[in-house]
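Let me begin by presenting the structure, written as structure tokens, before commenting on it.
The values are calculated or read from the model by the stated rules, or taken from the named source; none is laboratory data. In this text, all values refer to a predicted model and were calculated from it rather than measured experimentally. Don't worry about glycine lacking a Cβ; one is built from the backbone with ideal geometry, like all the others, and counts go over all protein chains shown. Calculation scope for accessible area: heavy atoms of the full protein, side chains included, ligands and nucleic acids excluded. Shrake-Rupley method; radii C 1.70, N 1.55, O 1.52, S 1.80 Å.
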Amino acid sequence: MTDPAEKPQSNTQRAIQAMRHMIFSGELTAGSDHLESELADRLNMSRTPVREAALTLESQGLLEMRPRKGVRILSVSPDDMRDIYDVLTELEGLSARRAASFDYSNKELEKLATAISEMEAAIAQEDREIWAEADDRFHAELVHLGKNSRIEMIVAMMSDQVRRARSITLFMRPLPTQSNEDHRNVFEAIRSGNADLADRLHRAHRERARDVILSLLERHRLNHI
């Protein structure tokens, strides 16, 4: 019997993934305009899944749909990033606090621990892209452990914008060893059930990350990415 979890992706899902990749890689640059027919040709798809994918990506703040003009890829300015980090800092700090209050077992915290181990291994190899992937998993799992589906939804939308900025600055910044230490400390606070400490440590971590990215965006005049 076929496992429903293994069913093939729909054309719309494939279009979402492909367009996200093109946005994050810079193939679709900030401020550029694209007709649905052009994107459909590039993806070798019909216009219907491309339009549905564009609607999803619009809800995530990655592009804007304009009647009769196709889509415009949205930029992210330093001011945008400041606002986004303000929201993430509050919501992820709350998630860390909530996670620490649930008395999770080591087994239940395994995904969080694995993400940290993978980040540490990536830094040892100076592989920033692998580190970034594990970092994404850490933050997603942290919010998941906070058990608030609305926070998960909002953070997922905001995280896409952070990922865009990080993809531009990833190779400009020093190796994120401090970030790994922060993650480990937050994990230990959650495991020990210290909600106040988990909240405070994670807020400080997000504030440091914000300062690094904003400094690079402003120093290199990357005002619209």
Exercise. Looking at the range 168-179, is at least one residue outside any helix (DSSP H, G or I), aliphatic (A, V, I, L, M), out of contact with any Gly (no Cβ under 7 Å at 6 or more places or on another chain) and open to solvent by 70 Å² or more (accessible area, probe 1.4 Å)?
Worked result: yes
Problem set entry | For Ala100: the one exception among (1) part of a loop (DSSP other than H, G, I, E, B); (2) under 30 Å from Asn194 (Cβ atoms); (3) small (Gly, Ala, Ser) | (1)
Exercise. Out of Asp103, Asp79, which single residue is without any contact (Cβ under 8 Å) to a residue 40 or more places away in the chain and either under 24 Å from Glu218 (Cβ atoms) or out of contact with any strand residue (DSSP E or B) (no Cβ under 6 Å at 6 or more places or on another chain) (or both)?
Worked result: Asp79
Problem set entry | Residues of the range 24-49 that turn out to be in contact with a strand residue (DSSP E or B) (Cβ under 6 Å, 6 or more places away or on another chain) and either closer than 17 Å to Gly61 by Cα or open to solvent by less than 40 Å² (accessible area, probe 1.4 Å) (or both), as a count | 6
Exercise. Could you list, in sequence order, the residues of the range 140-167 that are outside any helix (DSSP H, G or I) and surrounded by 15 or more Cβ atoms within 10 Å (Cβ to Cβ)?
Worked result: Gly146, Asn148
Exercise. Which of the residues belonging to the range 118-139 are open to solvent by 60 Å² or more (accessible area, probe 1.4 Å), out of contact with any Asp or Glu (no Cβ under 8 Å at 6 or more places or on another chain), not in a loop (DSSP other than H, G, I, E, B) and not charged (D, E, K, R)?
Worked result: Ala124
